[in-house]
Amino acid sequence: MSAATKTDNNPAPTAIEMIKVKVDGRELEVPRLSPDWQGKLAPTTMIQVCEAAKQDVPHYCYHPKLPVAGNCRMCLVEFGTPALGPDRKPLLNADGTARIAKSPRPAIACATPVSPGMEIYTSTPGVKQMREGVLESLLINHPLDCPICDQAGECKLQEYSVDYGQSGSRFVEAKVHKPKSVDLGPRIMLDAERCILCTRCIRFTKDIAGDDKLGIVNRGSYNTISTFPGTAFDNNYTLNTVDICPVGALTSKDFRFQMRVWFLKDTKSICTSCGTGCNVHIGSREEKIYRYTPRENEAVNGHWMCDEGRLNYKWIQRTDRLRDVLVHGCKSSWGEALREIAHKLKQAPPGSVAIIGSARQTNEELWLLSRLKSRFGAISDSFPRDGQPDKLLVSADKNPNSNGARLTGISFTEAGINLAKIADGIQGGVIKTLLVFGENVVKRAVSPAALSEKETTTEAIEVHGITADVLAKLETLIVSDILPNETTRLAHYLLPGCAHAEKRGSFTSTKGRVQKFMQAVEPAGDARPEWDFLQDLVCNVTGKEGFHSIEGLFNEMAKSVPAFNGLTWAGLGETGVSVKI
Amino acid sequence: MSGSSAIIVVDDTVDIVGALANLSEFYAHESCGQCTPCREGSLWMSKTLHRLSHGQGRKGDADYLLKIADNIPGGRTICAFGEACSWPVQSFVAKFKDEFVAKGAEDEARRARQSAGLGGEKETAEAQH
């Protein structure tokens with residue numbers, strides 16, 4: 001085959017044979033092979049065809065990214081295949097169409113491959129009756145405690161009961177009682193009575209997280225999800241089982257009883273706990289964040305995210321957030337402070353300014369800092385933040401935007417190499433003005449136990465020689481941060497910034513995915529997004545009018561940063577664009 | 001038919017409701033619980049038959065049982081155990097429907113007498129059994 005002789009890294013995919021099938025009378029062409037849960041090519045299944053035909057097939061145990069179990073029986077459909085005569089040739093109807101031999105038995109759409117000429121029936125009386133039967137079976141032993149269940153509002157049992165169930169129950173026997181409020185692990189609670197035994201959580205834990213902790217104990221209707229006695233369900237991905245649990249059996253200890261899901265506003269955002277850049281939904285209500293849930297992005301995190309990143313949001317709403325613009329410790333206004341800073345910067349002799357950015361800042365903010373840098377011939381850097389990676393999603397780089405800092409010119413191939421130079425410059429009296437954004441520069445490498453909530457557990461800040469004594473030698477120390485720390489207390493000008501959930505912007509992941517995120521909640525107090533006030537500062541310094549929207553700013557940045565050439569804010573879409581890093 | 005293609009010969013003194021209750025209890029105990037119709041259906045049928053054979057029956061229980069049993073077989077389950085647990089219920093109720101109906105009717109009538117204050121001590125004791 002000629003395709004096999006191609007030598008580049010991306011050989012043209014071998015053409016997959018297309019076959020014709022009918023879904024509820026509608027003919028469509030589908031590939032004979034489709035990617036399975038691991039992305040490997042496998043025979044296309046009925047449920048994939050029905051999805052392509054936009055024909056809903058209800059299902060509980062099937063999940064596109066988990067191995068097929070086929071145990072819930074909710075996706076049963078009827079089907080037929082072309083009838084063959086004794087000579088193995090297709091039989092034809094009087095009008096010349098292929099005669100279809102309807103299968104006497106139904107098939108589960110999730111596990112049955114399609115064949116050429118197959119007809120799938122998803123809405124016949126027989127199929128409806130089977131769905132009613134399965135739903136009735138699932139509901140007879142269910143506690144029906146929706147009013148106090150966290151899943152209510154996003155529960156497949158509720159949804160399918162309305163769509164496909166019966167209105168009444170004829171069950172008059174006693175329900176099976178199972179353990180409730182079972183503490184499965186540090187983050188997970190199980191209500192075994194709500195469980196419909198789809199085994200999604202078991203398959204996820206075994207095949208995706210690689211930590212075979214969950215299983216089923218007991219037989220028949222007494223089946224119960226359980227851990228091995230004496231062990232805790234405690235890997236770093238346990239909360240994904242709460243997402244994929246179609247009912248309220250597995251609940252997050254962090255989120256349970258906190259908020260009804262229909263009140264939550266979902267905002268498309270990015271997790272900032274490491275460089276992977278998992279796509280998330282921020283669930284918030286009335287300016288309070290209640291949870292992160294993973295947002296599907298095949299190019300980055302698939303359907304999953306780690307527990308550590310998911311629960312790392314509480315610092316955003318700490319009561320000691322920086323709220324006020326402070327000039328030499330006294331409350332001031334943005335206009336006044338930015339004017340004064342611009343004035344000082346303009347008077348600063350070349351080479352006397354240093355900028356310490358943060359790889360937790362957005363691409364746009366770092367680019368604005370780099371414009372200040374080139375204006376003043378400043379020396380700049382950002383802080384490295386390394387941790388333990390894992391095999392699934394967690395990156396060793398604990399900064400969400402190390403590549404952004406590098407591509408915009410704030411840091412270099414190895415982040416942090418200029419920090420000692422900056423320390424020396426301040427010591428030697430050459431550097432007199434220092435801008436610090438989002439980094440507690442005087443902090444030393446500390447034990448994980450002593451880290452604040454904002455800091456993730458495994459990072460270590462390198463010892464670089466910028467101590468409080470060194471900072472005291474500066475003429476002007478401009479600091480922007482979100483939470484108070486040793487450095488913000490030393491600042492001459494303190495500018496309160498925003499967490500990613502309070503602003504818009506974009507990050508560049510460790511793999512070079514440029515992804516944008518949206519604002520979920522309002523900033524605390526007087527705090528403003530860093531890009532917003534940096535824009536004003538750049539404008540004050542250069543005299544050039546800036547952009548008042550993140551769209552314009554991003555598009556301008558994309559023109560000037562080579563790696564981002566050709567990108568537009570709108571073009572990033574919801575799942576981002578990969579760039580060469 | 002008694003389920004998995006087995007034949008059990010019993011004489012006409014055997015209580016057919018009790019025999020089916022015994023058979024269904026076996027199936028409910030044996031169901032592995034992997035797939036929904038058999039997991040829930042086998043125990044449901046067993047509970048109903050236990051009730052029916054312990055003086056708590058209803059006239060409509062024969063049809064009720066058939067409807068439960070009809071939701072299990074016919075390729076809806078992963079393995080043939082689902083078919084096996086529903087077949088005896090379907091065939092017993094089909095062949096001896098009058099016995100199931102009579103048993104349920106008898107229980108209903110007795111409960112009605114009791115609630116109307118006509119039930120003797122003996123019958124109350126029987127119902128509690």
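The values are calculated or read from the model by the stated rules, or taken from the named source; none is laboratory data. Just so you know, these numbers come straight off a predicted model, no measurement behind them. For neighbour counting, all protein chains shown are included, and Cβ atoms are generated from backbone atoms with ideal geometry for every residue, glycine included. Quick note on the areas: whole protein, heavy atoms, side chains included, nothing else; ligands and nucleic acids left out. Shrake-Rupley method; radii C 1.70, N 1.55, O 1.52, S 1.80 Å.
Brief remarks follow.
- Taken as a whole, the condition of being assigned to a helix (DSSP H, G or I) and either among the basic types (Lys, Arg) or under 14 Å from the mean Cα position of the chain (by Cα) (or both) does not apply to B:ALA109.
- Segment A:99-110, subset more than 11 Å from chain B (Cβ to nearest Cβ) and surrounded by fewer than 16 Cβ atoms within 10 Å (Cβ to Cβ), residue nearest to A:TYR62 (Cα to Cα): A:LYS102
- Taking every residue in segment A:278-291 that is hydroxyl-bearing (Ser, Thr, Tyr) and pairing it with any residue that is assigned to a strand (DSSP E or B) and open to solvent by 10 Å² or more (accessible area, probe 1.4 Å), at least 6 positions away or on another chain, the pairs with Cβ-Cβ distances below 6 Å are A:SER284/A:LYS265.
- Among the residues of segment A:206-253, those identified as without any contact (Cβ under 8 Å) to a residue 12 or more places away in the chain and either within 14 Å of another protein chain (Cβ to nearest Cβ) or buried (at least 21 other Cβ atoms within 10 Å of the Cβ) (or both) are A:VAL217, A:ASN218, A:ARG219, A:GLY220.
- From the options A:ASN540, A:ASN565, residue that is over 19 Å from A:THR408 (Cβ atoms), in contact with a helix residue (DSSP H, G or I) (Cβ under 7 Å, 6 or more places away or on another chain) and open to solvent by 50 Å² or more (accessible area, probe 1.4 Å): A:ASN540
- Some residue of segment A:175-197 being assigned to a helix (DSSP H, G or I) and in contact (Cβ under 8 Å) with a residue 12 or more places away in the chain: no
- Pick from segment A:111-134, criterion under 36 Å from the mean Cα position of the chain (by Cα) and at the interface with chain B (Cβ under 9 Å from one of its Cβ atoms), ranking: least open to solvent (accessible area, probe 1.4 Å): A:VAL134
- A residue that is surrounded by 24 or more Cβ atoms within 10 Å (Cβ to Cβ), assigned to a helix (DSSP H, G or I), assigned by TED's automatic domain parsing to the domain that holds A:GLU364 and not β-branched (Val, Ile, Thr) cannot be found anywhere in segment A:509-516.
- Of all the listed residues (A:ASP381, A:ASP307), the sole one being over 26 Å from A:ILE289 (Cα atoms) and in contact with a Leu (Cβ under 6 Å, 6 or more places away or on another chain) is A:ASP381.
- Any hit, segment B:14-27, residues being β-branched (Val, Ile, Thr) and either within 14 Å of chain A (Cβ to nearest Cβ) or open to solvent by 40 Å² or more (accessible area, probe 1.4 Å) (or both): yes
- The residues on offer are A:PRO31, A:PRO58, A:PRO64, and the sole one that is open to solvent by 50 Å² or more (accessible area, probe 1.4 Å), assigned by TED's automatic domain parsing to the domain that holds A:MET118 and at pLDDT 95 or above is A:PRO64.
- Scanning segment A:261-290 for residues that are under 19 Å from A:GLY302 (Cβ atoms) and open to solvent by 40 Å² or more (accessible area, probe 1.4 Å) yields A:ASP266, A:LYS268, A:HIS281.
- Matching residues in segment A:170-205 - criterion: being more than 14 Å from every other protein chain (Cβ to nearest Cβ), open to solvent by 60 Å² or more (accessible area, probe 1.4 Å) and either within 19 Å of A:ASP145 (Cβ to Cβ) or acidic (Asp, Glu) (or both): A:PRO179, A:LYS180, A:SER181, A:ASP183
- Of the residues making up segment B:48-86, just one is within 8 Å of another protein chain (Cβ to nearest Cβ), more than 19 Å from A:LYS128 (Cβ to Cβ) and crowded, with 23+ Cβ neighbours inside 10 Å, namely B:THR48.
- Considering segment B:29-39, and only residues there that are assigned to a helix (DSSP H, G or I) and crowded, with 24+ Cβ neighbours inside 10 Å, the residue that is farthest from the other protein chains (Cβ to nearest Cβ) turns out to be B:CYS38.
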